[in-house]
Each structure stands twice: as structure tokens, then as C-alpha cells.
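Chemist: The structure's right below; bear with me while I get my questions together.
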Amino acid sequence: GQSLEQPSEVTAVEGAIVQINCTYQTSGFYGLSWYQQHDGGAPTFLSYNGLDGLEETGRFSSFLSRSDSYGYLLLQELQMKDSASYFCAVRDGGTYKYIFGTGTRLKVLA
Amino acid sequence: SQTIHQWPATLVQPVGSPLSLECTVEGTSNPNLYWYRQAAGRGLQLLFYSVGIGQISSEVPQNLSASRPQDRQFILSSKKLLLSDSGFYLCAWNTGVGYTFGSGTRLTVV
């Protein structure tokens, strides 16, 4: 079956760099996407990796290694507003469904 | 521009009452649409998805149902709510590289 694993919680200080890992098992692969969700809010799309390598969007970067079934989200120059839950997701094989990881709660300390 | 609307934002309903949540998308045609549910502090559970008018795929057999009466409209319903139906309901549209989510409906069944 399809599954994704993420650490449940990560804590870092303001200004630091943090990496949130995601390992996945899927039948077929159509890309890895990342989402941010603040408490009480809906998830918002952050980034997508369809091919191996690093994608950068401002302070956020996302990396994918298809051979290792592994990706990560890198957050630089952490700010208090980055405190949120972060989810990785992959498309489920040849379907139109996306499967989400369990989510990583990031706490940024002053 | 492409937007997704979901309402209501908050709903408190008694056990046994009916439910109707509506989601509409603007700025795109023939979107793939999804209903997810999120329990407090938990991950995202796929309930239904639709690739076109009248086409519904159910992921979790329960007392919920979904309908797609128009190309850009997706409705989640229940004839009789259970306490276990409480949660944060999210409509999503597949952009091709991931999802854009609606703002969500927080449902409390009392």
C-alpha cells in the first residue's frame, strides 16, 4: 500500500534552519508536494518536486531523491510565523488521489 | 484567477440531523475535486473524490455521501449525523502538482 512517514514534531529557534524529512512507499510515482497548515486554518500548497533535486521558493526549499523514496522540506531563516504543521503528499499510483503524511508540527522558539 | 470557495466556515449540528457542505471552484473547467476530513491534531483523511459531473469515488464507507451536480460544484452530505462526524472538512482542487484547499468547515456534532 501507499504510506508516507514524517517526524511528528520538530523544534528550532528563530533564525535557524530546519529540515523536515518525508519517506514514502508508493506504486508508481508522480511527484512529492508539501503543505503548510497553521492551527485552525486550511493547508496551503508550498512546493512540488516531480524530478530529483532541489526546488527553491524564497526561504523554503524542497528536495527529492526518487531512488531513495525520500524528500525533505528545508526552511531557512526561521520566523515565529513558520510555527505550523507541515505535510508531504504523493499521488497514489495511477489514480487521482493524493496520500498525505501524518504531518510534522514545527515549533519555532524565540 | 482560480479560486475555491467552501461554506459554511463553522457549523454546530445535533446528532441525527442532516448535513450539506458546498464547494465551488472558479476559473477552471473540469477540475478534479476532493473532500477530506481532519480530526483535531491529526492528518488528512480522503473521503471522496470526483473527476467529473456525476462521477464520485468513495474512499471511506460511512454515513456520508458526495455529489457533483455541476462541473465546478462538489457537495458533501449526510442524512443523519453521528458524533464521530465531527471534524474539519476540507474541499480541494487538484492543480496538477498538488492541491488548492478551500478554507474548510469546522463541524461539531452535539
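Chemist: Going toward the positive end of the dipole of the stretch A:58-110, with +1 on Lys and Arg Cβ and -1 on Asp and Glu Cβ, which of A:L75, A:S65, A:S85 do you reach last?
Modeler: Selected residue: A:S85.
Chemist: Hey, another quick one. Hey, could you get me the Stokes-Einstein D for chain A, Kirkwood radius over alpha-carbon pairs, 20 °C and 1.002 mPa s, rounded to whole µm² s⁻¹?
Modeler: This corresponds to a translational diffusion coefficient of 154 µm²/s.
Chemist: If r is the Cβ-Cβ distance from A:A16 to A:D68 and R0 is 22 Å, what FRET efficiency results, to the nearest 0.05?
Modeler: For R0 = 22 Å, the calculated efficiency reads 0.30.
Chemist: Please check which bits of the stretch B:12-27 a label hung off B:I53 would reach, taking the label as a point 7 Å along Cα-to-C-beta and the cut-off as backbone N under 16 Å.
Modeler: Residues B:25 qualify, since their backbone N sits under 16 Å from the label point.
Chemist: Rounded to the nearest whole Å³, what is the per residue volume of the convex hull around the Cα atoms of the protein assembly as shown?
Modeler: Output value, Cα hull per residue: 122 Å³.
Chemist: Next up: What does the highest-first list of A:41-53, A:88-100 look like by mean Cβ count within 10 Å?
Modeler: A:88-100, A:41-53
Chemist: Still on this structure: List the residues whose amide H sits under 5 Å from the amide H of B:S86, counting only those 5 or more places along or on another chain, with H placed 1.01 Å from N in the peptide plane.
Modeler: B:V109
Chemist: Can you find, among A:Q6, A:Q37, A:Y48, the residue sitting farthest towards the positive end of the charge dipole of the stretch A:1-79, where Lys and Arg contribute +1 and Asp and Glu -1 at Cβ?
Modeler: The one lying farthest along the dipole's positive direction is A:Y48.
Chemist: Taking 0.36 nm per intervening residue step and subtracting the Cα-Cα distance, what contour gain separates A:E9 from A:M80 on full extension?
Modeler: 24.0 nm
Chemist: Between the stretch B:27-67 and the stretch B:1-15, what's the alpha-carbon centroid distance in Å?
Modeler: With the stretch B:27-67 and the stretch B:1-15 each reduced to a Cα centre, they are spaced 14 Å.
Chemist: Where both residues lie in the protein assembly as shown, what percent of DSSP beta bridges are antiparallel, nearest 5?
Modeler: 90
Chemist: Between A:L109 and A:F29, what is the spin-label point distance in nm, taking each point 7 Å from the Cα along the Cα→C-beta axis?
Modeler: Result for the modelled spin labels: 3.5 nm.
Chemist: So what are the radius of gyration and Dmax for the Cα set of chain B, in Å?
Modeler: 13.1, 39
Chemist: List the aspartates and glutamates whose Cα lies under 18 Å from the Cα of B:K80, skipping any in the same chain that are fewer than 8 positions away.
Modeler: Within reach: B:E22.
Chemist: Now a separate question. Looking at chain B, which longest stretch skips every one of the trypsin sites (Lys or Arg not before Pro) that is in a DSSP loop with at most 13 other Cβ atoms within 10 Å, leaving the sites themselves out?
Modeler: Here the longest run is B:1-41.
Laboratory data are not the source of any read-out in this text; all were calculated from the coordinates shown. This one's a predicted model, so the numbers in the text were calculated from it and none came from an experiment. Backbone-built Cβ (ideal geometry, glycine too); neighbour counts: all protein chains shown.
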